[in-house]
1. Taking other Cβ within 10 Å of each residue's Cβ, how do C:Val297, C:Val32, B:Val197 sort, fewest first?
2. Give me C:Asp113, C:Asp288, C:Asp44 ranked fewest to most by other Cβ atoms within 10 Å of their Cβ, as a rough exposure proxy.
3. Could you work out Rg/(2.2 N^0.38 Å) for the stretch A:1-62, with Rg from alpha carbons only?
4. In deg cm²/dmol, rounded to 500, what helix-only [θ] at 222 nm does chain A give when every DSSP H run of at least 4 residues adds -39500 (n - 2.57) and the total is split over its residues?
5. How much net charge surrounds B:Ile318 when only the other residues with a Cβ under 12 Å from the Cβ of B:Ile318 are counted, with Lys and Arg +1 and Asp and Glu -1?
6. Computed FRET efficiency, Cβ-Cβ of A:Val131 and B:Ser368, R0 41 Å: what is it to the nearest 0.05?
7. Relative contact order of the stretch C:129-224, please, whole-number percent, based on alpha carbon pairs below 8 angstrom and at least 6 residues apart.
8. GNM on chain A, C-alpha springs below 10 Å: top fluctuator among A:Gly157, A:Gly125, A:Gly84?
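What follows is calculated from the coordinates using simple rules that are stated; it is not laboratory data. Please read these numbers as outputs of a predicted model, since none were measured by experiment. Reconstructed Cβ throughout: ideal geometry from the backbone, glycine too, with neighbour counts over all protein chains shown.
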Amino acid sequence: MDTHVFKPDQPAPALSVGPLGWLRANLFSGWFNTLLTLLGLYLVWQIVPPLIDWAFIEADWRGETRADCSREGACWVFVGERFGQFMYGFYPQDQRWRVDLAVLLAVVGAAPLFVAAFRHKLRYGLAFLLVYPLLAWWLLHGGFLGLIAVPTSQWGGLMLTLVIAAVGIAGALPLGILLALGRRSDLPAIKVLCVTFIEFWRGVPLITVLFMSSVMLPLFLPEGMNLDKLLRAMLMVILFEAAYIAEVVRGGLQAIPKGQYEAAQAMGLGYWRMMGLVVLPQALKLVIPGIVNTFIALFKDTSLVIIIGLFDFLNSIKRATADPAWLGMSTEGYVFAAVVYWIFCFGISRYSQRLERRLETGHRH
Amino acid sequence: MPVATSPGRRGSLLSDPQARAWIFQVVAVAAVVAFGWFLFHNTQANLQHRGITSGFGFLDNAAGFGITQHLIDYSESDSYGRVFWVGLLNTLLVSVIGIILATVLGFVLGIARLSSNWLIRQLATAYIEVFRNIPPLLQIFFWYFAVIGPLPGPRDSLSLGNLIFLNNRGVQMPAPSASEAYGPFMLALLAALVLVVLLSRWARARRLATGERFPVFWSSLALVVAIPGACVLLFGSPVNWSVPELQRFNIRGGWVVIPELVSIVMALAIYTAAFIGETVRSGIQAVSGGQTEAAASLGLRHGQVLRLVVIPQALRVIVPPLTSQYLNLTKNSSLAAAIGYPDMVSLFAGTVLNQTGQAIETMAITMSVYLAISLSISLLMNAYNARIALVER
Amino acid sequence: MKRLKSMMAVLSAVSLLGAAGAAQAGATLDAVKKKGFVQCGVSDGLPGFSYVDAQGKYLGIDVDVCRAVAAAVFGDADKVKYSPLTAKERFTALQSGEVDVLSRNTTWTSSRDSAMGLNFTGVTYYDGQGFLVNKSLGVSSAKELDGATVCIQAGTTTELNLSDYFRANNHTYTPITYDTSDESAKSLESGRCDVLTSDQSQLYAQRIKLAKPDDYVVLPEVISKEPLGPLVRQGDEEWFDIVRWTLFAMLNAEELGVDSKNVEQMAKAAKNPDVARLLGAEGEYGKDLKLPRDWVVQIVKQVGNYGEVFERNIGSGSELKIERGLNALWNQGGVQYAPPVR
């Protein structure tokens, strides 16, 4: 009996597998797509080579003065020369190690929180949150324990931006959670207060409240009582962003099924323990992306303190571009600023995506 | 086993949840009221003690300063109250143009993010990741100081056929104004539109009755072009054009779009479009594939699937975050103050505040305006959500 | 209910305390002495008037007024803290008590003196509004500015004068309003506007900040009176007198030939009774002002007399090279005139 022998398989058509196949499927699958691809390629061709040319190939990297900016492209000499001012503002030169040390301590101190294997995250984190601000205040401001005082009016540059952002985040998150709980509360008076607060702060632009804090707040306070300008700005940033955090957290609270509340109550937990042990951990996990987005917004919003004359990162760059010795450097300055802001914001968003994946426990409804 | 103390006997008030709730609320309200009163009292005392004028009487005083851009008639002898309207309209102008541009760009981006074309997808992703991670204020500065600032002056403007000019004073273009033929032209246009409506009704009725299609679109287009066109031939152009001309300092005449407006609109539209793009993408992705397939199996054509099935469902997801982006854009328009565009904040909470010295009144008015805008949009949103929710269940 | 009542009682007590604190009028001098420095509102960057040098130190004629006040009160001109303020912020900052003195090239007008609850203590610089234009426009008089685009700083008297001037001449103009002088200067340079208008002294200061100062010219017309001086809050006469007499002391010192080099010597051996009274060798004029006896000596020694301050910051000793003109002493053809110490 003859066994039937199958012929060997024909190889797939050359145009549907391999690099060619990929190209055809993804770039040239029809006349319209081909047109789009060509258009896209043209766009890339128009943007990318000139950009690289300007930023790297034709750029000046070395020198000290405006006269060293002789080539066609960007003049990074400007950024290099003013780098110290961009980072530290008017912080005294010989004291800048204190800022570096504070940043280093923050990074080293917070590092264990990002190590998955570390067990006592909660306890360690709380201790860190209690100790670090005092340490940072001592290092940055000083005035006691052997460090000379550097008043906040001399703070500036990226350092000031980071300080405002860090304080803003640390203050806005707890306040925002409380506000969200208040908005979901059964107590009508509390609810009304929280709703009013949240809607007010979400309704007005940040620069009007910053402006108010800078010129009007002292009118509201008893005579002789004065708050530091930076402190006032931070307070406003905290209150403003807390309202946004509150709305994000409220979304998480609403997504927790009623059964969870009832189960917690059935176990005899009171309000705060029910919230703290059962509801909030689940709700916060759900809204991590929203919270991180708010943090990114907060980080970007710190640039608005320019309106009240604080020398944050953006303002120090803007001021430097107005220096007659470095005229015509706006593009370089703003591009540098954009890159720095972008690295921070993009970094945070990438980290949040990772965190989200790691915390994903499959309880999606 | 020790006898449990009954809740009624010890610490009677604090262990009764209802009483506790009451106390808690009363204390909270009292604290807020006391705090508010404290602030109010301080302010009152401070104002009185320092002899600062208060009240809203200043709104009727003559302003006495000029404004770069005013959509309503304004001269220096007008009152501060009129300055308020000028500022408000300038704010709304930025918001409206910005919202339109951002929406168009955002929808294109959102669709591009889902394109089957790899290159287009990557380009859209790159755009979104770049622009949403840079502070809007920085983008405004970039446009104003780095893009428009270095443009040539009015005498060396880049021009398009000597009609449209681009320079560091902004964009100048011919401005239409009504001529004698304007009335007849509008009448003709109206007549054409009425005919179009009648025609499409008739076509629909015929289709329902006989199943025959009538080329409604093309015939409507012909009507709209032909009737007013005939009118132009008869009576002449409905508008006169005032063409910009170079004078000693500036290009005069025509419409001028000031560079401050261009910068802020460009920056805000580009920034907000990145967010809208993401919103649109997630909205379209939220419509399950089964819907598309079901629609296709009913025999709907591709365009009809999108128009009748996918988009209505996607909009339900898109619209709420979209409105909040619109609100953000409106609030961000206050950044105009940083480059001297005469918006609400820069004009009213800035110049007027300083000329009159009445910080509390001007700030209160400014904040109330923004609050009113966002609250009314919130209310509309809630109404919309309620309607959608009914459809859903 | 008891708890509730006691809670309410505590709350109302707290708020009453706050209210009491607010109603009590705190004398500025006492507050200044208690905190140990004068908080002074200055401009956010105007060469010659108030600006920050590369070391972060404040310099300028407005800054020197603050330093003189500190010298009079504390005997130490360095006991000053500065708040850089934009034109918009300045009045509220003073009204609200954020600063003790506002010395920020501010024009003395009736409404600012009255309705805003402020008091001008004198005139440090008699100024007038002028125009700065690019030479290439070929303009030689402000009368030729019809149709021009003009850069101004928001919230200033110049904004009002400008519109008055153009209206009076039946000219049209386009105003571009910025918050800071840096931005206006930059816009003039980029060609966003044809003309920059401001007080003439400021124009000279702005001009040296431009990349090519020689391409720009200040037009001859002066279209307004701009007496610039320091301000304090209304309602504290004691502090008002101190700031006012600090300036008068500097003017008197110049008139009497007392300067930072010879002041100590003259204080010891003053023959002229006017000088003796001024420098505290005779009479108790410092005490009347609640200041130390040697207050003028400290001002002149540490800061200088008016003439020295002028020349050092904006006159021949500076880059601005502004003539004394109106700001010369009354007996030298100007209008600077101080009442005598007696």
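1. B:Val197, C:Val32, C:Val297
2. Least crowded to most crowded, the residues run C:Asp288, C:Asp113, C:Asp44.
3. That works out to 2.16 for the stretch A:1-62.
4. Counting only the DSSP helices, I get -21000 deg cm²/dmol.
5. +1
6. 0.40
7. Answer for the stretch C:129-224 is 47 percent.
8. A:Gly125
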